[in-house]
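Structure, as structure tokens:
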Amino acid sequence: MTNVLCQHIEFADDACLYNSDTDINKAIQYTNTDLEKINQWCKNWNMSIAPDKITVLLVGKELQATDKLNLNSN
């Protein structure tokens with residue numbers, strides 16, 4: 001993956017994005033931006049993302065922020 005803000009690990013057809021920031025909103029923004037880029041890349045290559053296989057792990061004090069993470073695979 002290129003042009004993504006988050007750190008990432010890839011293996012075969014799986015990928016893991018991860019990042020950290022003292023500002024939870026920045027971390028969410030970076031993750032959402034990268035998810036949009038990956039989604040667009042998949043569309044360009046006629047590939048699909050399996051939303052039921054996506055997992056989010058948020059470690060920190062503001063756990064209610066997870067409702068701000070988006071993946072619109074349409």
Put a dot 7 Å past each Cα toward the Cβ at residue 41 and residue 55; how far apart are the dots in nm? 2.2
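Could you give the dipole magnitude of the range 7-68 about its Cα centre, charging the beta-carbon of Lys and Arg +1 and that of Asp and Glu -1, in debye to the nearest 20? Write down the numbers at each step before the final one.
Values: 6 positive and 10 negative charges, 24 e Å.
Magnitude of the dipole: close to 120 debye.
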Among 28, 51, 9, the residue whose Cα sits farthest towards the positive end of the charge dipole of the range 7-68 (+1 at Cβ of Lys and Arg, -1 at Cβ of Asp and Glu, taken about the Cα centre) is 28
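Read the figures in this text as sums done on the coordinates, not as results from a lab. Everything numeric in this text was worked out from a predicted model, so none of it was measured. Heads up, the Cβs are rebuilt from the backbone with ideal geometry, glycines too, and the neighbour counts pull from every protein chain shown.
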